[in-house]
Structure formats: structure tokens, C-alpha cells
Amino acid sequence: MKMAAFAFGTTNWAEVERTEHKGETGLAYWRTRFFGEEHNQIRVRMVEYTPGYLADHIGHPNPHGRRKNSSPYWPAWSNYRPG
């Protein structure tokens with residue numbers, strides 16, 4: 001992937017449409033923005049989790065297994081929380 005330069009900016013996440021995604025337990029709410037030219041965009045996502053959220057999939061290999069998420073703002077690419 002080539003990440004070409006794009007203008008610095010800030011995002012008011014409250015103004016970005018929220019989509020709901022069900023886990024095995026709980027919900028994840030995604031707010032997604034795309035930056036860059038259409039053929040070479042990057043995606044930035046702010047995710048909120050309800051207490052006890054457990055993903056219904058594993059997006060990346062996780063040697064520690066699936067674990068319940070206790071943080072409402074853990075990254076979208078992982079359902080593992082150390083400690």
C-alpha cells in the first residue's frame with residue numbers, strides 16, 4: 001500500500017454516521033472515515049463497544065484466544081486486551 005500525503009485535519013466523530021455490529025455478546029458501534037484518493041484510500045474507524053462485547057469472529061490471528069472486551073474504545077482490529 002502506498003500512503004500518499006493528504007491534508008491534516010480533525011474529525012468530529014459525533015458527526016460521522018454510526019453503524020451497529022452485533023458480536024457474540026454485546027454490540028460494536030463503528031464510525032468510519034476514508035482519506036486519500038479513491039483508488040488508494042485509507043480507512044480510519046472509531047469503534048465503541050458495549051460492556052461485555054465479544055466479537056463473533058477473529059479478524060487477525062490471536063495467540064491469546066478471544067477475550068471479552070472491558071474497554072469501550074478498544075481498537076477495531078482486535079478483541080484481545082492484555083492484562
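Where a number appears in this text, it was derived from the coordinates with a stated rule and is not lab data. If you're wondering where the values come from, they're calculated on a predicted model, not measured in any experiment. Because the Cβ atoms are built from the backbone with ideal geometry, glycine has one as well, and the counts that use them run over all protein chains shown.
3J(HN,Hα) couplings calculated from phi for the range 19-29 with the Karplus curve 6.51 cos²θ - 1.76 cosθ + 1.60 (θ = phi - 60°) are, in sequence order, 10, 9, 9, 7, x, 4, 9, x, 10, 10, 10 Hz; Gly and Pro show x.
In this simple spin-label approximation, D56 and V44 carry label points 7 Å from Cα along the Cα→Cβ vector, and these lie 3.0 nm apart. Convex hull volume of the Cα atoms of the range 1-54, normalised per residue: 110 Å³.
Our coupling estimate for the range 36-48, obtained by passing each phi through the Karplus curve with A = 6.51, B = -1.76, C = 1.60 and θ = phi - 60°, is x, 6, 3, 6, 9, 7, 10, 10, 10, 10, 9, 10, 10 Hz, Gly and Pro reported as x.
Within a Cβ distance under 12 Å of M46, other residues only, what is the Lys/Arg minus Asp/Glu net charge? After counting each charged neighbour, the total is +2. Charged neighbours of W30, selected by a Cβ distance under 13 Å, balance to +3 (K, R count +1; D, E count -1).
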